[in-house]
Amino acid sequence: MSKKPFFDHFKELNIRILVSLVFFLFISGIVYANYSTIYDFLISPLLNAGYSNTDLVAFTIYEGFQVKITNTFLVSFILSLPVLIIVIGNFIKPAINDLTNFSYVMYILSFLFLFYLGVSVAFQTLPIAIDFLLSFNESDFILRTQNYFQIVFRIAMLFGISFQIPLIIYFLIKKRIINKTIFTNNRKELFVVVLIFSAILTPTGDPLTLFAFTIPIYLLIEFVLFLNKNK
């Protein structure tokens, strides 16, 4: 099969980017139209931590609008991720040797499952993480709206991306780029590395967030090693 000229690849990439952008803007419109529901969901960790949405304060006249637009785009990105990943995956798939259609679909599904699992775990731990951080304020404090949502999305994205580590390890072992024995013969060291990695990345530093970050990733790595038991 002849290779496509560079211009054809470039043209195809532009088309895929355009499709992704149109879909993203479509989802953004839906999210913006239903922002009150999205807002209630995003502040649920704060409410579950025992605080009120009245504790959120805007410091500038335009901050409320700025936060709304930013939240709309970030939520839209998370919701658009399946289409974005499929579009990108279909473009790079021909460049990966020996990748069957079944394996390709499984990689896509695994990526999305792990990402949304990470985001879900993040939202489960956010209330305690927020309460832990705010407990250090011995006097009255002002919680800036912009800062709160930055923390929420930072932790959610951090969990979602970090939960891809087991999938990356699976791919590297499957392609024989690394040997499984590196992990199986050094399980204690592996756990310590994951723990240190979690401690560095988790912005709150509280024990529960660290635990919620470390244990799932380590267990997923063990599951990956089990799936590659013959490698």
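A few remarks follow.
- The range 200-211, residues that are at pLDDT 80 or above and either of a type in the set (Ser, Thr, Tyr) or surrounded by 13 or more Cβ atoms within 10 Å (Cβ to Cβ) (or both): LEU210, PHE211
- Selection status of ALA33, aliphatic (A, V, I, L, M) and either free of Cβ contacts under 8 Å to residues at least 40 places away in the same chain or under 17 Å from ILE130 (Cβ atoms) (or both): yes
- Some residue of the range 55-67 being at pLDDT below 80, surrounded by fewer than 15 Cβ atoms within 10 Å (Cβ to Cβ) and either of a type in the set (A, V, I, L, M) or touching a helix residue (DSSP H, G or I) at 6+ places or on another chain (Cβ under 8 Å) (or both): no
- When ILE96, ILE92 are checked against the criterion of being surrounded by 12 or more Cβ atoms within 10 Å (Cβ to Cβ) and not basic (Lys, Arg), ILE96 stands alone in meeting it.
- Selection over the range 125-176 of residues that are of a type in the set (S, T, N, Q), part of a helix (DSSP H, G or I) and either over 22 Å from THR209 (Cα atoms) or touching a helix residue (DSSP H, G or I) at 6+ places or on another chain (Cβ under 7 Å) (or both) gives a count of 4.
- Within the range 38-55, the presence of a residue that is closer than 22 Å to SER120 by Cβ, touching a Phe, Trp or Tyr at 6+ places or on another chain (Cβ under 6 Å), in a helix (DSSP H, G or I) and among the polar types (S, T, N, Q) is excluded.
The values are calculated or read from the model by the stated rules, or taken from the named source; none is laboratory data. Here the structure is a predicted model, which is why all the values come from computation and not from measurement. Cβ sites come from the backbone with ideal geometry, for glycine too, and all protein chains shown count toward neighbours.
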